[in-house]
């Protein structure tokens, strides 16, 4: 099938003919030369610059600098490397603190090598720290935006303080341990060293700072009391420790003088042998029969322990489950943007980190009920103690004299009452479900 196309042409009127240029001139007007195009482009650029200049007081160069930059382009990078001053070897876990007038950063490397910090531009004071080495302050540096500055190799000196000690008593099986050791060179959290055969020990290469030291046996149980002290750079500190300990048995008496230990011994004997050492954690009925024990020495020492009194056969204690509490924590993920290692500096922020006062942890004594129903504690230091027992509303206080021999003492429970009301015995309180 054929398709026909018909074009309809309209003739120009007289007015259009009068305004239209001749045919040759019309063709020349529609084909501009290259020089005319370039002149037009330059004029247009100048006109836009003139308009922009009339709308702002900033010069064009400043306008370009005010445009948003890519994330991180305004920060400065600082590269730090720390080595052992004697061997030249790279140090592990180097910590760098950088402080300006308004910002502060604190970073620690997880392995040897260069440590890089992304910082807000400014003038920073620097302090390098590493476990077992003396702190090193560096010359302040000026960091400009969008620059990288690698510092010369920093050489840290090993700690030169020492602790020389002697343990009285039988040193076999005993070790000396730093329970909190933020600066010593053996370990970040603890230092464990065996004693010499004659009871001496020598801990060297320690940086200045606070320390807590204790004696432990093969089970990592504390023997005696932990000691706290502060070392200066290069200081030699001497320590004399008592390694002797004893076993203590406590017979617990009720409010009326009846021996609870004898009652507990009969309950233990009534149980099958395989259940005598099993701790029941199911809650079925009856109050908690857990006794909390606190030992206090005249020198300010502190020790704690606890034991569980046996219930009647078929009755379980309402003690809480002795398990491990599992918790979860996390870090909220950021939504992007540039990252810097510094933060605003508070008025209390110093370049050198604050070293907290030594925290002497309480000694935890092992405790159990013997076949005679007495509460047994060991290893207990030979110094005098004051023992406090607590279970529910009942309590007892007992003075333990100094001595190196095993001892058996009695502790009588008491119950605070109003007026002349007779005190309910511990066994009555237990039978009534802790009421």
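Values quoted throughout were computed directly from the atomic coordinates according to the rules given, and no laboratory measurement underlies them. None of these values were measured; they are calculated from a predicted model. Cβ: placed from backbone, ideal geometry, glycine included. Neighbour counts: every protein chain shown.
Determine the shape class of segment 161-242: with a ≥ b ≥ c the square roots of the Cα gyration tensor eigenvalues, call it rounded for a/c under 1.5, and otherwise prolate if a/b is greater than b/c, oblate otherwise.
prolate
Could you check the spin-label model distance between residue 87 and residue 343? Points 7 Å from the Cα along Cα→Cβ, value in nm.
3.5
Label points 7 Å out from Cα along the Cβ direction at residue 368 and residue 302: separation in nm?
2.8
Please order 167, 212, 255 by the number of other Cβ within 10 Å, starting at the fewest. Don't jump to the answer; show the numbers that get you there.
Numbers: 167 24, 212 17, 255 21.
So the residues, fewest neighbours to most, are 212, 255, 167.
Among 104, 79, what is the fewest-to-most ranking by other Cβ atoms within 10 Å?
By the 10 Å Cβ count, ascending, the order reads 79, 104.
Sticking with the crude label model, points 7 Å out along Cα→Cβ, report the distance from residue 125 to residue 220 in nm, one decimal please.
Output for this residue pair reads 3.9 nm.
Fewest first, what order do 339, 368 take by the number of other Cβ atoms within 10 Å?
339, 368
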